[in-house]
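Presented below is the structure to which this report refers.
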Amino acid sequence: MQQPLFLKPVFKERIWGGTALTTQFGYEIPSNQTGECWAISAHPNGPSIIENGTFEGMSLEELWKKQPELFGNQTDEVFPLLTKILDANADLSVQVHPEDEYAKVHENGDLGKTECWYILDCKEGADMIFGHNAKTKEELIQQINEGKWNELLRRVKIKPGDFFYVPSGTIHALCEGTLVLETQQSSDTTYRVYDYDRRDAEGNLRELHLEKAIDVTTVPHQETGVTPKVEERDHAVVTTFVESEFFSVYKWNVDGKASFTADGHYLLVSVINGTGALLHAGETYHLKKGNHFILPVGFGEFELEGNTEFIVSHT
Ligand code: ZN
């Protein structure tokens, strides 16, 4: 009988980080500049550890290699997804990620990075950088070289509950006052385009990666507007945000007791609001905001109870 795999998050201090991961999620964070919670990760830069059941104490990376049947015996070398929560307490640098083929050649076999964001919370009037206005690569290079950032970079308004699909090749940045749940390919490759000319305490600028960034940026920018599909069920609302070649991402809102089935895919599940319980094979697993778990392939039928909101993804 399969068990859910609860995971212990890994935290990353960042110069743009803050305290929302403790004030909003109750996590113990290493400092008041904590930017990232790696919630479901098998990436070597921050692997999650299983917290319960038969596999307690193992890393997700190890489990992927040693118990492939939990994941449907996929043949990928590495666990393909990474779930994070990001607390942007200051503007992040403007960046772009490569696709798989480019990353393989230029980044020692790391995956490319297509990602997506669910806006958990943000300040009034918050925005973010999403795409650019250059019509040709020449224009992109020229505007970068001349530092015409206001003309080049596109800004979009955001609000809690919004969802953005960010394919590799999209110039983007989270801006100050944004708390986001990110589902992404398991990759740590970022090319920095612009850092607002900020200097650190020693007066140094952070390194930019303009040549690679220009190489991988999609020109002209391609709109990736997401139209969520909403399905009303008994005591649940299932919202489908995206179904792409890299991942599918959903929001489940449960109010009462709702039935689900997990068979064909393993599911990555994050509790983003409320409290409740997962009922499965006679066991009750209590859930609260900030829990993250995987339901292995063949988990079968289960119920979710409570007043709870989840972000769910699979490959
Ligand atoms: Zn990114």
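With a cut-off of 15 Å between beta carbons, the residues surrounding Ile141 carry a summed charge of -2, where Lys and Arg count +1 and Asp and Glu -1. In terms of the mean number of neighbouring beta-carbon atoms within 10 Å, the peptides 166-175, 50-59, 235-244 order highest first as 166-175, 235-244, 50-59.
Remark: region 96-112, residue by residue, has Karplus-estimated 3J(HN,Hα) of 8, 10, x, 8, 3, 4, 5, 5, 4, 6, 9, 10, 6, x, 4, 6, x Hz, where x stands for each Gly or Pro and the curve is 6.51 cos²θ - 1.76 cosθ + 1.60 at θ = phi - 60°.
Take the residue pairs Lys8/Lys288; Lys12/Lys157; Lys104/Lys212 and return only those whose Cα atoms are more than 22 Å apart. Violating the 22 Å Cα-Cα cut-off are Lys12/Lys157.
The residues of the chain present an accessible area of 46 Å² per residue when probed at 1.4 Å with all protein chains retained. The alpha-carbon atoms of region 126-180, seen along their principal axes, cover 36, 21, 12 angstrom, with the largest extent given first.
Normalised by the number of residues in the chain, the average gap of Cα pairs under 8 Å and 6 or more apart makes the relative contact order 18 percent. Taking all protein chains together, Asp110, Asp263, Asp87, Asp234 sort by accessible area into Asp234, Asp263, Asp110, Asp87, largest first [probe 1.4 Å]. The modelled label-to-label distance between Tyr196 and Lys257, using points 7 Å beyond Cα along the C-beta direction, is 5.0 nm. Using the average count of surrounding beta-carbon atoms within 10 Å as a protection proxy, the listed peptides 65-76, 12-23 rank, highest first, as 12-23, 65-76.
Here each label is just a point 7 Å from Cα along the line to Cβ, and for Thr22 and Val230 those points are 3.7 nm apart. A Cα-only calculation for region 173-212 places Rg and Dmax at 13.0, 34 Å.
Under 20 Å of direct C-alpha separation, and excluding same-chain neighbours fewer than eight residues apart, Lys257 reaches these aspartates and glutamates: Glu231, Glu232, Asp234, Glu283, Glu301, Glu303, Glu305, Glu309. The fraction of all Cα pairs in region 24-124 landing in successive 5 Å bins from 0 to the largest distance is 2, 9, 16, 20, 20, 15, 11, 6, 1, 0, given as whole percents.
Partners of Lys229 within straight-line reach, counting lysines whose Cα lies under 16 Å from its Cα and excluding those fewer than 8 residues away in the same chain: Lys251.
Each Lys or Arg adds one and each Asp or Glu subtracts one; over the other residues with Cβ under 15 Å from the Cβ of Leu278, this totals -3. Measuring spread by the Cα atoms of region 5-216 yields a radius of gyration and Dmax of 18.1, 58 Å. Translational diffusion of region 69-127 was estimated from the Stokes-Einstein equation, with Rh taken as the Kirkwood radius over Cα pairs; at 37 °C and 0.692 mPa s the coefficient is 224 µm²/s. Charged neighbours of Ile129, selected by a Cβ distance under 9 Å, balance to 0 (K, R count +1; D, E count -1). Evaluated on region 229-314, the Kirkwood hydrodynamic radius is 12.9 Å, with distances taken between all distinct Cα atoms.
Once the C-beta distance of Glu62 and Thr136 is scaled by a Förster radius of 35 Å, the resulting FRET efficiency is 0.15 to the nearest 0.05. For the pair Val237 and Gln74, a Förster radius of 35 Å applied to the C-beta separation gives a FRET efficiency near 0.75, rounded to the nearest 0.05. Note on Lys148: lysines with a C-alpha under 17 Å away, same-chain residues under 8 apart excluded, are Lys135, Lys137.
The values are calculated or read from the model by the stated rules, or taken from the named source; none is laboratory data. Keep in mind it's a predicted model, so treat the numbers as computed, not measured. No Cβ is skipped: glycine too gets one built from the backbone with ideal geometry, and neighbour counts run over all protein chains shown. Accessible surface areas use protein heavy atoms only, side chains included; no ligands, DNA or RNA. Shrake-Rupley method; radii C 1.70, N 1.55, O 1.52, S 1.80 Å.
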